[in-house]
Structure formats: structure tokens, C-alpha cells
Amino acid sequence: MPKTPATAKFQLGVIGLGTMGANLARNAARNGARVAVCNRSPEKTDAFMQSHGTEGKFVACASLKDLRKALKVPRAILLMVKAGEAVDIVIQELLPLLDQGDILIDGGNSHFRDTERRQRELREKGIRFVGMGVSGGEEGALNGPSMMPGGDQDAFAHVEILLKRMAADDGAGGRCVTYLGSGSSGHFVKMVHNGIEYGVMQLIAECYQLLKEVGGSTNDEMSQMFAQWNEGDLQSFLLLITAQILQKKDPDTGEYLVDLIKDAAGQKGTGKWTTEAAMDLGIGIPTITAAVDARILSLDPAGRREQNGLWPESLPEPYPETKSIADLAQSAFRLSVICTYAQGFELLKSASDAHKWDLPYAEIARIWRGGCIIRSALLPRFQSVFSGTEDERKSARHALVDLYRGESQVDWRHLIAIAIGRGIPVPALMSSLTYYDTLRAPRLPQNLIQAQRDCFGAHTFERTDREGAFHADWKN
């Protein structure tokens, strides 16, 4: 853990002392910053100082006016308040207290459209604005998160050294923070990060259900399996915590805690935003969309219970099992996760082109290698796809595609066939395979859809043998 120097080299204001804000403030102080902290309820500021005031150079501020006085121009102020209206309220309260050139950094999960609007409004008033995604949860915020800043580049340069000291190690000598581009690029990248997170979590959950219901594995056995997967090229934070979760017992009942948790998962909106953005840009991200849908469907347990009695209990004879479910699931999970990351990067590319952000894809893969929730040993492969010479990038793409050849792909299909035969829903695994098959298919049936649209609505169609738009009289 970094030691606090005798004289603070940096200054930072932090507004919002919830778990993430408090831990980022502590992180900044430990890395040499003089940190002025403020919260809407002064009691939370007092509690923060009582618990952590000796960890570094903190200045407790009872009001935004006190925060202003505690910082030298140009002030850099990190907003860690709830996304949405609360951010606008704090900005409006701050504006009369700021000087031209001061910097506001929104570190919450704000919608990228809100970030675009705030940047326009603040630019007119001479205030520099950075929209910065932060990933890593409470532990990452304290010990090293992945940070995704976008917006005013000069403002980022002003705080770059401090942010690099605060960020996680990428495992290759760098830090998990980099300037991503203009506008709302930082919050868009964080939104896609969260969409990938939804997808990978759902893939793990589906493998868990198959291992349990088809493979008959106990929680301890599944914990060991996920831990074993985590030792190889699938190493990731989400597999690590899954292995831990499956071992946890409830202190009151002595039963495994995961078995006592309701099968209904909510969301805070970033997964839905990712799906909406993809639809707006015309990009298919079926694994991520399936994961969002799975959460939505899970939230109606009463409806599901009502449906249970309507369907026949007997199912068709299941697909024969020639391999252990664990082996099949490992292959299917690996290939599905790669599809999920690929969908995320495809969405980033489309958004970058549309908004002229010129996103650094290799750098995004790099800063996701440490600190964040979707950190994974697979990310260096994606970093290589976007790095180096054209020949090196081509070689990296081929190496990634080679993972889909041979037995692993057969295992993937076999596992999904077993799930279908047993009546077990696997929307994310199936969507990933459909995504892969769509990309590799030499011809899709959308020619028929073009014909149908032209037949009922005269929407015209394109031909394979000549240029232009055509219409046919389909009834004669």
C-alpha cells in the first residue's frame, strides 16, 4: 500500500462519501494528495474523518463553500454522487463557487448522453469537465481501480499523474487508466464494460446451473471446478469470486448461502443502456442482450411459478452425453466469453466512428486487465488484436479464431444440445453460439425477409447480381 508523503504533491476535492467516494478519497490521500472531502449530510463527513482521518491529508468540509476555499485554482473536484438528477443538482450548486478553468470529474455511472449535455453546458461557462468510468467495486476504489476518463483532454492532463498513482497495475508495467477521447467516450466505455460484465456473469450462472442440474455437482465440487478454470487462460475476477461464493455458508442455518438466495436479479440500468445503444447504432450484441433479458425475466417469480403447472413435465429424450458436463461447460464458457468481449469491442468501434472519438481499443483492453470487474487473462489477446503492425494484428486475430476450431466448438454445441434436451434455459450460451454462427455463415436467410418486406410494403430489395434498389410484383 502506498505511503503518504510528508508533503502532499496533489490536491483533489471529493463530493459524495458513499462507499466508492470514500474509498477513492482514501486512495488519493494514500498516493500523495491533499483531499478535501464533502458530503450533503455533514454527519457522513464527520464519520469519514473519525474512521479515516489519520490515513492522509484530509480537509473536512461542511459545505461546498468550504470545499472551494480548501482547494487552490485550478480546482479538481471528483463527483461521486448517484447518477442522474443528483449530479445536475450538485453541479448547479457548485457553479457559482467555481472559477474558470476549474475541473469537474463525474466518476459515477452516468448515462453518456447526460455527460454530453453537461460538457456542453459547462464548456460555455469555462468549466472543464471529465466523464470518468470507475470499475473495481469498493476494494478496487481503495486499492486500485480501472478508470476510464473522457472529455476535456487538458483537464485529464492536470490530474493524470495522480490518477495513474491511484489506478490498478495492468500486470505489464502500466496503470489501468488512460485518456480515451473527447465527449462522453469515458462513460460510454464504462457502460460497455458493464454490458460485458452482465454477459459474463450470465454465462457463469448458466454453467453453474448445468453443472448442478445435469452434472449433479455439489457446491464444493463446483467451487473447485471454477477455481480450476481460473488457473488457466480463463483466469478472471468473476470466476475467482464465484468459486468463493459457492463455499460460503450461512452462519445462522449452516446451509450454503447461495442456495438461500432468491433466483431474481435486478439491475441498475447500465446493461439496458448498452443494449439500447447497440440498437441505436445497429450493432448486434446478443449475449449481452440475452443477459439483460434473463435478469428481467427472473424478476417475475410469481409469474414463473404460475407457468410451471401449465407445461408438460416430461421432456424429449436428452442429447446423449459423451463427455463430462464440466469439460463441455469449460469449452462453451471460454468461446462464449470471447464472443461477449468481441461484441463489446464491436459496439465501441461503431460508437467511436459515429461520435468521432477515435477510441484506443488496445488501451481499453489494457486498462481492463487490472482493477475492474471484467479483468481476465483473455484481455491480452484482444489487446494484441488492436496493437502493433498490420501483420501482428492479423496474426493475433487468427490466434483468437483458432480457439474456435476443432473439439472445443463441438463441445460448445454439445452442451447447448444437452441443455435444450433437459429443458434448461441457457440464453447467453445459445446467443453466443448464434452470434458466432451468424458471423461464419456464407449466406443468411435475410434475402427472404427483404422479399417479404417488398411483397407487403413495397420496401424494395437489393440484388446480388446488380446495383440499385428493386421492386417486384410478387403476386403475378
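The values are calculated or read from the model by the stated rules, or taken from the named source; none is laboratory data. Keep in mind it's a predicted model, so treat the numbers as computed, not measured. For neighbour counting, all protein chains shown are included, and Cβ atoms are generated from backbone atoms with ideal geometry for every residue, glycine included. To get the accessible areas, we keep the full protein, side chains included, count just its heavy atoms, and leave off ligands, DNA and RNA. Shrake-Rupley method; radii C 1.70, N 1.55, O 1.52, S 1.80 Å.
Being assigned to a helix (DSSP H, G or I) and of a type in the set (Val, Ile, Thr) is the filter; apply it to segment 403-430 and report the residue that is nearest to THR340 (Cα to Cα).
The residue in question is ILE416.
Here is the figure for segment 206-251: residues that are under 20 Å from the mean Cα position of the chain (by Cα), without any contact (Cβ under 8 Å) to a residue 60 or more places away in the chain and not in a helix (DSSP H, G or I) total 1. Checked against (1) closer than 23 Å to GLU213 by Cβ; (2) more than 23 Å from the chain's Cα centre (by Cα), LEU429 passes all but condition (2).
Any residue in segment 142-162 that is at pLDDT 95 or above, among the polar types (S, T, N, Q) and part of a helix (DSSP H, G or I)? Yes, some residue in segment 142-162 is at pLDDT 95 or above, among the polar types (S, T, N, Q) and part of a helix (DSSP H, G or I).
Restricting attention to segment 388-413, the residues that are more than 18 Å from SER236 (Cβ to Cβ), open to solvent by less than 40 Å² (accessible area, probe 1.4 Å) and hydroxyl-bearing (Ser, Thr, Tyr) add up to 1.
For the structure I just gave you, tell me whether ALA278 is of a type outside the set (Phe, Trp, Tyr), closer than 23 Å to ASN194 by Cβ, modelled with pLDDT of 90 or more and touching a Leu at 6+ places or on another chain (Cβ under 7 Å). So ALA278 fits the description; yes. From the residues in segment 61-92 that are in a loop (DSSP other than H, G, I, E, B), among the basic types (Lys, Arg) and open to solvent by 40 Å² or more (accessible area, probe 1.4 Å), which one is nearest to GLN119 (Cα to Cα)? Among them, the one singled out is LYS82.
Would you confirm whether any residue within segment 37-52 is buried (at least 22 other Cβ atoms within 10 Å of the Cβ) and aliphatic (A, V, I, L, M)?
yes
In this structure, is ARG26 open to solvent by 20 Å² or more (accessible area, probe 1.4 Å), touching a His at 6+ places or on another chain (Cβ under 6 Å) and not polar (S, T, N, Q)? Answer is yes for this residue. Of everything in segment 109-126 that is open to solvent by 10 Å² or more (accessible area, probe 1.4 Å) and in a loop (DSSP other than H, G, I, E, B), the residue that is farthest from ILE89 (Cα to Cα) is GLY126.
Of the listed requirements (1) part of a loop (DSSP other than H, G, I, E, B); (2) under 29 Å from ILE296 (Cβ atoms); (3) free of Cβ contacts under 8 Å to residues at least 40 places away in the same chain, ASN476 misses just one: (2). Given the structure, is GLY174 at pLDDT 95 or above, within 24 Å of ARG369 (Cα to Cα), under 23 Å from the mean Cα position of the chain (by Cα) and surrounded by fewer than 23 Cβ atoms within 10 Å (Cβ to Cβ)? In short, yes. Within segment 128-144, is even one residue among the β-branched types (Val, Ile, Thr) and either open to solvent by 50 Å² or more (accessible area, probe 1.4 Å) or within 16 Å of the chain's Cα centre (by Cα) (or both)? Yes. In a residue-by-residue description of segment 140-148, the property of being at negative phi, touching an Asp or Glu at 6+ places or on another chain (Cβ under 9 Å) and of a type in the set (Gly, Ala, Ser) applies to at least one position. Among the residues of segment 214-233, write down those that are aliphatic (A, V, I, L, M) and modelled with pLDDT of 95 or more. Listed by number, the residues that qualify are MET222, MET225, ALA227. Of the listed requirements (1) under 25 Å from ILE283 (Cα atoms); (2) in a helix (DSSP H, G or I); (3) open to solvent by 50 Å² or more (accessible area, probe 1.4 Å); (4) free of Cβ contacts under 8 Å to residues at least 24 places away in the same chain, ASP454 misses just one: (3). Could you give every pair whose Cβ atoms fall below 8 Å, whose first residue belongs to segment 120-146 and is farther than 13 Å from MET20 by Cα, and whose second residue is in a strand (DSSP E or B) and open to solvent by 50 Å² or more (accessible area, probe 1.4 Å), counting only separations of at least 6 or pairs across chains? Correct list of pairs: LEU122/ARG128. Looking at segment 233-246, can you tell me whether even one residue there is more than 29 Å from GLN330 (Cβ to Cβ) and open to solvent by 40 Å² or more (accessible area, probe 1.4 Å)? The answer is no, given that none of the residues of segment 233-246 is more than 29 Å from GLN330 (Cβ to Cβ) and open to solvent by 40 Å² or more (accessible area, probe 1.4 Å).
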